[in-house]
Amino acid sequence: MASWPESPRLIGTSIPRLDGLAKASGRAKYPSDIRPEGLLFGVLLSSPHASAKVKAIDLEPAKTMPGVKAVLALATAGESTIFYQGQEIAAVAAETEEKARDAARAIRVEYEILPHVATERQSAAEGAPKVFPTGNTRAARAQTTGKPDEAMQKADAVIEATYELPVITHVCLEPHGLTAHWKGPDSITVYASTQSVMGVANDMVENLGLESANVTVLTDVMGGGFGSKFNADTWGIAAAKLAKEAGRPVRMFLDRAQEHQLGGNRPSAKAKIKLGAAKDGKLVAMVAETSGTGGRGGSNFPLPYVYKVDDRSRAHTEIFVNGGSARAMRAPGHPQGCAVMEAAMDDLAAKLGINPLAFRLANLAEADMVAGGVNRTDLYKEQVERGAKLIGWDRWKPRGQNGDGPIKRGLGLALHQWGGGGAQDKQVACIINPDGSVELRSATQDIGTGARTILAVIAAEVLGLEVGQIKSNIGNSTFPPGQSSGGSTTTPSMAPPCLDAVEKARDELFKRIAPGLDAKPEDLSLKGGKLLVKGEEKATWAQACRKLGMMPVTATGVFGPGLASTGVGGCQFAEVTVDVETGVVRVKKIVAVQDSGLILDMLTWKSQVYGGVIGGLNYGLFEERIMDEGTGAMLNPDMEMYKLAGATDIPEIVVDAYDTPEMRVRGVIGVGEPPTISTAAAIGNAVANAIGVRVPKWPMSPMNVLDALAAAEGKA
Amino acid sequence: MADQPDGTTGTPAPSQPGPPCRHLRFKGMYVYTDVAPSEEPGEYDNTIFWCQKTLKDFGPDQGFVGREDCRDGSRACYEVD
C-alpha cells in the first residue's frame, strides 16, 4: 500500500502558491480577461418580472442595431414560464459591450404578468396565490427517533425559540461566464470560470451535439465559485451559439445584478425548536419544525447538529418562491444547521445556568466514529480546550454581566463537522522531460484553494526538487480525468493519483538511466536536486534527465488506498462588542481550530481557513438577499446594499491547525468547507452573551440587534 | 395536468417511478462520481438538482427538476437510455 513520506522535506511546510505573484500583480489571466482576436461581447437580456408567461419576443430591432453580429432567443414565446426576476430571455453579441446592451434593450418582449410570491412569508401565507403547479410548499420526509414528546415532559429545563437565517448569494468576484471560440465548424475551445472543466465540456457536448474530442475547456485561474459554477449554464451555451452564428469568439459573463439573481444562492432557514435537558446538563429531547427556500429546490439542513439527542422529531417544509435558484454553497446545509442548533444549545445552557462550553462537551456522543477508526468526540474535546485557551474563555461571564455602559462584550463558541473525502477514480499524468523539466497534467482546476501548488509540492517532494521546478498544468478538460472542485474533495481526490504518477515516473527514470551508471535502479535516489547512486552524488537532476535521450518519461497515476480519508471536526470561538444604543456589532477576534488529516501545504491550508472564517463572518454580520414583496424584485443586487465585510471589519483571526501525528496518518482530507460552517453561529452566541438577549435572526445587523433588544423590553 | 391534494393542478408524483431521467444532474455526480440521483438521501436531503437540457431547476416542459420529479415517465421531456 502506498504511503506518504514519513519524514517529508516539503509536505506540511508553508509554501507560497505557484501563481501567487501572477495573481497579486494582475498578470494572471482569468477567463473573463481572455480576449481572442475578433472577440465579440455577449449580453444577456433577463426578465424584469418575477412571475410571468412569455407571450411574444421580437428580436428584429436588436438585429438591425449597429455593431450587432448575432441575436438569440433563450425563451420561447407561448411556452416559457418566468419563475423569477432575472431569468434569461435572449442574448446578443456585438462589437462592444455597450452596443450589445443597447441591442438587448431593443428586443421587444410581451409578458403576461402573473401573481408572484417573493418571500417565504408571502408564499406560505394564508390565501397566498398558488404560483407553482405543484403548490407553494412541499413537505420533506418527517423524522422521529425515540419518543420526543414523552422525553420532553421529563426535562428539567426547556427552551422554545425560533431562529432564522436569510437567503444569501455566492457573490463570486468573477461572475459566472465563459468565452466561446470556435476553431472549426465542429470544434470549440471554451475559456470558462468554472469549478469543473470536465462538467462544462460535457454540457457543450450534450447541448451542441459535438464530439468530446472536439471540445476543450480551459480554466487557468478563476475568481471564485463556492459551489455555484459546476455547469456551462444557459448563457455559456448561448455564447457558443452566438459565436457560431457570428463566426467570431463571444465573451459572455453575467453583470453584477444578474450574478445575484441568476448565479445561485444559499437557501434560507427557519427553525422553531423546542429543546429540553435534565438538571445535570444532558439533552433529553428535541422537537423541531423547520422550513426554508431554495427558490424551487431543496433547503433542508442537518438537525440536530453535532450533539446527541436520542429522542427527537423533525419536520421540514420546502417553501417555493419567485426568486433565483439555490445552488450548492460552501458546506451546503451545515452553516444553517450549525447556527440554529448552536443557538438553541446556548439558550438552553443559559436557562440551566451552565457554562455553555461545559454544556456542549457533556452532550457529544460517546463515540462519533469517522474514517480510520477516529472518535471525533475525542478530537472535539481537545480542540475545544485549545480554542478556549486561545480566545481566553476564562474571561467568560454569564449573560447580562458583560459591561455597565452601552458597549457590551461577549464570547461565544460553536462546533462543526464535515466529510471532506474524495473520489477514487481520478488520474494525474507526470512527464519528466530530457531537459529536466517536470510537468503534471490533470483535468482538475484551482478554484483558489491552491490545488495547482499542492500537486507541485507532492512532485517536488518525491523528486528531490524545489516546488518552482514543477509545471503544474491543470484546468484543461483534455487532460486525464480530474476532480471537479466541490465538497472539499479536490485535494483528497487528486493528491493520491499525483503521488502515484510521480513515483511511477521516478521509478521509470531510474530504470532507464541505471544501466548507463553501472547501477541497479534500486541503487538510485534523488535528493536536493541531485541523483545519488548508493547514497553518493553522481549527477545533477538535469544531467540525469539528459540521459533519457530523446524520449521523456510519462506515467499516469491512479488513486491508492490509505492516502486520503474523510470526516473532520472543528470549533470556533468569537469575541464581540455590541453597542446596545446603535445595535452595531464589532467582531474583535475569532479562533478557528480545525483538523483535516495530513496537511500538504500549511500556507494554502491556513488561507482556506482564513477565507472560510471571513465568509462565515459575512454570513454572521452582513449578508442578506432582500426581496420586494410588491414587485418580486431583489432590492440589493449589487455590492453596495448587499453588505460584505470591508478590511476594517475583519478581526484578529487565530487559525490553529489540529495537526497531530494521529491526524497525519489518516492521509489527506479537504478543508475548503469546514472552517466556514460555525463562524456565524459563534458570532450569534457571542452577541447573545454580550447583550443578554438572543438575536434570533441573522445577520447580526443593527436592525436585528435593536429589534431583539426591543422585544426583550416588550417594545417590539 | 391532474388535480393536486391542495386544490392546484400539476404533475402528480409518479405512482411507480422509473429510473432517473438521463438529463438529471446534481453536484454529487461531479464530486462523488459513484452516486446515483435515485440514491435515497440520509436523514435530510438538501440536494439541488438541475436539468442538463435547460441547465435550470425546471425542465423543458417547465416542470420542476428533482429526485422524484424527474422519474416521472409521463413527462414529455423524460428520457432514459
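The values are calculated or read from the model by the stated rules, or taken from the named source; none is laboratory data. Owing to the predicted nature of the structure, the values given are computational and were not obtained by experimental measurement. Here the Cβ positions follow ideal geometry from the backbone for every residue, glycine too, while neighbour counts run over all protein chains shown.
Here A:E537 passes the criteria (1) surrounded by fewer than 16 Cβ atoms within 10 Å (Cβ to Cβ); (2) more than 41 Å from the chain's Cα centre (by Cα); (3) of a type outside the set (F, W, Y); (4) outside any strand (DSSP E or B) except the one numbered (4). Hey, A:N433 hits all of (1) closer than 30 Å to A:V568 by Cα; (2) touching a Pro at 6+ places or on another chain (Cβ under 9 Å) but one; which does it fall short on? So the condition that A:N433 fails would be (1).
The single residue among A:T194, A:T219 that is in contact (Cβ under 8 Å) with a residue 40 or more places away in the chain, surrounded by 19 or more Cβ atoms within 10 Å (Cβ to Cβ), out of contact with any Leu (no Cβ under 8 Å at 6 or more places or on another chain) and among the polar types (S, T, N, Q) turns out to be A:T219. Residues in segment A:163-191 that are among the small types (G, A, S) and surrounded by 23 or more Cβ atoms within 10 Å (Cβ to Cβ) were compared, and the one that is farthest from A:A269 (Cα to Cα) is A:A180. The strands (runs of 3 or more DSSP E) found wholly in segment A:44-150 and carrying at least 3 residues that are at pLDDT 95 or above and away from chain B (no Cβ under 14 Å) occupy A:52-58, A:68-73, A:88-94, A:108-113. Of all residues in segment A:220-261, those satisfying the criterion of being more than 26 Å from A:D638 (Cα to Cα) and within 14 Å of chain B (Cβ to nearest Cβ) are A:A240, A:K241. Take segment A:241-257 and flag every residue that is assigned to a helix (DSSP H, G or I) and buried (at least 24 other Cβ atoms within 10 Å of the Cβ). Correct list: A:L242, A:A243.
Report, by residue number, each residue of segment A:488-520 that is of a type in the set (A, V, I, L, M), out of contact with any Pro (no Cβ under 7 Å at 6 or more places or on another chain) and either outside the structural domain of A:R452 (by TED's automatic domain parsing) or more than 20 Å from A:A460 (Cβ to Cβ) (or both). The answer is A:L517, A:A519. Tell me which residues, restricted to segment A:637-692, are part of a loop (DSSP other than H, G, I, E, B), of a type in the set (S, T, N, Q) and out of contact with any helix residue (DSSP H, G or I) (no Cβ under 8 Å at 6 or more places or on another chain). A:T660, the sole residue that qualifies.
Quick one: would you say A:V591 is assigned to a strand (DSSP E or B) and either assigned by TED's automatic domain parsing to the domain that holds A:K697 or on the phi > 0 side of the Ramachandran plot (or both)? Walk me through how you get there before you give the answer.
On the way: assigned to a strand (DSSP E or B): yes; either assigned by TED's automatic domain parsing to the domain that holds A:K697 or on the phi > 0 side of the Ramachandran plot (or both): yes.
So A:V591 passes the test.
Is it true that some residue in segment A:363-379 is modelled with pLDDT under 95, on the phi > 0 side of the Ramachandran plot and either of a type in the set (D, E) or surrounded by fewer than 24 Cβ atoms within 10 Å (Cβ to Cβ) (or both)? Scanning segment A:363-379 turns up at least one residue that is modelled with pLDDT under 95, on the phi > 0 side of the Ramachandran plot and either of a type in the set (D, E) or surrounded by fewer than 24 Cβ atoms within 10 Å (Cβ to Cβ) (or both). The residues on offer are A:K351, A:K274, A:K270, and the sole one that is in a helix (DSSP H, G or I) and either touching a Ser or Thr at 6+ places or on another chain (Cβ under 8 Å) or more than 29 Å from A:N618 (Cβ to Cβ) (or both) is A:K351.
Among the conditions (1) away from every other protein chain (no Cβ under 13 Å); (2) part of a loop (DSSP other than H, G, I, E, B), the only one that A:S299 does not satisfy is (1). Restricting attention to segment A:487-534 and to residues that are assigned to a loop (DSSP other than H, G, I, E, B) and over 17 Å from A:A564 (Cα atoms), the residue that is farthest from the chain's Cα centre (by Cα) turns out to be A:D518.
Quick check: anything in segment A:321-342 within 13 Å of chain B (Cβ to nearest Cβ), farther than 21 Å from A:G486 by Cβ, surrounded by fewer than 24 Cβ atoms within 10 Å (Cβ to Cβ) and in contact with an Asp or Glu (Cβ under 7 Å, 6 or more places away or on another chain)? Checking segment A:321-342: not a single residue is within 13 Å of chain B (Cβ to nearest Cβ), farther than 21 Å from A:G486 by Cβ, surrounded by fewer than 24 Cβ atoms within 10 Å (Cβ to Cβ) and in contact with an Asp or Glu (Cβ under 7 Å, 6 or more places away or on another chain).
Specify the residue that is surrounded by the most Cβ atoms within 10 Å (Cβ to Cβ); the eligible residues are those in segment A:540-567 that are out of contact with any Gly (no Cβ under 7 Å at 6 or more places or on another chain) and part of a strand (DSSP E or B). Before the answer, list the steps.
Our first condition is that a residue be out of contact with any Gly (no Cβ under 7 Å at 6 or more places or on another chain); within segment A:540-567, this holds for A:543-544, A:546, A:548-561.
Next, only the ones that are part of a strand (DSSP E or B) stay: A:553-557.
On the way: A:V553: 22, A:T554: 16, A:A555: 19, A:T556: 16, A:G557: 26.
Going through the qualifying residues, I end up with A:G557.
If only residues of segment A:302-315 that are within 13 Å of chain B (Cβ to nearest Cβ) and touching a Lys or Arg at 6+ places or on another chain (Cβ under 8 Å) are counted, the one that is farthest from A:F83 (Cα to Cα) is A:P304.
Among the listed residues A:G450, A:G464, which satisfies the condition of being surrounded by fewer than 24 Cβ atoms within 10 Å (Cβ to Cβ) and touching a residue at least 24 places away in the same chain (Cβ under 8 Å)? Can you show your working first?
Details: A:G450 fails: surrounded by fewer than 24 Cβ atoms within 10 Å (Cβ to Cβ).
Exactly one of A:G450, A:G464 is surrounded by fewer than 24 Cβ atoms within 10 Å (Cβ to Cβ) and touching a residue at least 24 places away in the same chain (Cβ under 8 Å), namely A:G464.
Which fully enclosed strands (runs of 3 or more DSSP E) of segment A:375-452 have 3 or more residues being of a type in the set (A, V, I, L, M) and either within 24 Å of the chain's Cα centre (by Cα) or not assigned by TED's automatic domain parsing to the domain that holds A:M345 (or both)? Walk me through how you get there before you give the answer.
Details: elements: A:407-418, A:428-432, A:438-442.
Counting at least 3 such residues, we get A:407-418, A:428-432.
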